[in-house]
1. Which condition number does Trp100 fail, the rest of (1) within 15 Å of Asp10 (Cα to Cα); (2) open to solvent by 50 Å² or more (accessible area, probe 1.4 Å) being met?
2. Out of all the residues in the range 62-81, is one or more touching a Ser or Thr at 6+ places or on another chain (Cβ under 7 Å), under 18 Å from Ala121 (Cβ atoms) and surrounded by fewer than 23 Cβ atoms within 10 Å (Cβ to Cβ)?
3. Which ones in the range 123-148 are in contact with a Ser or Thr (Cβ under 8 Å, 6 or more places away or on another chain) and either aliphatic (A, V, I, L, M) or open to solvent by 20 Å² or more (accessible area, probe 1.4 Å) (or both)?
4. Give the residues of the range 103-119 that are open to solvent by 60 Å² or more (accessible area, probe 1.4 Å), part of a strand (DSSP E or B) and touching a Pro at 6+ places or on another chain (Cβ under 9 Å), sorted by residue number.
5. Between a residue in the range 92-109 that is among the acidic types (Asp, Glu) and any residue that is open to solvent by less than 40 Å² (accessible area, probe 1.4 Å) and in a helix (DSSP H, G or I), which pairs come within a Cβ distance under 7 Å, given they are 6 or more apart or on different chains?
6. Specify the residue that is surrounded by the most Cβ atoms within 10 Å (Cβ to Cβ); the eligible residues are those in the range 1-60 that are of a type in the set (Lys, Arg) and in contact (Cβ under 8 Å) with a residue 40 or more places away in the chain.
7. So Glu144 clears everything in (1) free of Cβ contacts under 8 Å to residues at least 40 places away in the same chain; (2) in a loop (DSSP other than H, G, I, E, B); (3) acidic (Asp, Glu); (4) closer than 23 Å to Asp99 by Cβ except one condition, right? Which one?
Amino acid sequence: MVSIGDRAPDFTLPKAGGTTYNDITEFTLSDALEDGPVVLAFYPAAFTSGCTDEMCAFRDSMDAFEELEAQVYGISVDLPFAQNVWIEQEDLNFPILADWNHEVIHKYDVVRPDLYGSIEAARRSIFVLDADGFVTHKWVRSGENPDFDDLVDGLLEHLS
């Protein structure tokens, strides 16, 4: 698993933009790091209650992330078309990356092999990367979902 102090594995994925279902562009992590720190928030599946609660906690704190010049990206194995519908439905104000080939969840070793007993998805986890691409903070869910507002507040504290 990628650990604190490691250089984060680079990747390129489709990025859902949210204005229409087919608003999709290419995202490369190393390019994004040129603009400052990056928060990668892996979640299992769009449209599910826990994932919606988590991504809405990020949405509601986006002004604070922007003040810290930190970029936030959600990542799931959902198709980018579905992610765009979810972005619009939940009024999410940050991009979502589509790891539909499951390559990035394997690179970061955050695979949840048995969502609903049969589906491989991302394990709920968060990696904070500095502008040089090193992991400065890592959180991986164990047990029940946390209070997502508290989780996001902790990330903001780490970034400040």
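1. With (1) within 15 Å of Asp10 (Cα to Cα); (2) open to solvent by 50 Å² or more (accessible area, probe 1.4 Å) applied to Trp100, the lone miss is (1).
2. No, that holds for no residue.
3. Here is the first cut: in the range 123-148, the residues in contact with a Ser or Thr (Cβ under 8 Å, 6 or more places away or on another chain) are 128-130, 133, 135, 138-141.
Scanning the range 123-148 gives Val128, Leu129, Asp130, Val135, Lys138, Trp139, Val140, Arg141.
4. Passing the criteria: Arg112, Ile119.
5. Correct list of pairs: Asp99/Ile105.
6. Step one: list which residues in the range 1-60 are of a type in the set (Lys, Arg), which gives 7, 15, 59.
When the remaining residues are screened for being in contact (Cβ under 8 Å) with a residue 40 or more places away in the chain, the result is 7, 15.
Numbers: Arg7: 11, Lys15: 20.
Ranking the candidates gives Lys15 first.
7. All conditions pass for Glu144, except number (4).
The values are calculated or read from the model by the stated rules, or taken from the named source; none is laboratory data. Given the structure is predicted, the values throughout are model-derived calculations rather than measurements. Cβ: placed from backbone, ideal geometry, glycine included. Neighbour counts: every protein chain shown. We work out accessible area using only protein heavy atoms, side chains counted, and drop any ligands, DNA or RNA first. Shrake-Rupley method; radii C 1.70, N 1.55, O 1.52, S 1.80 Å.
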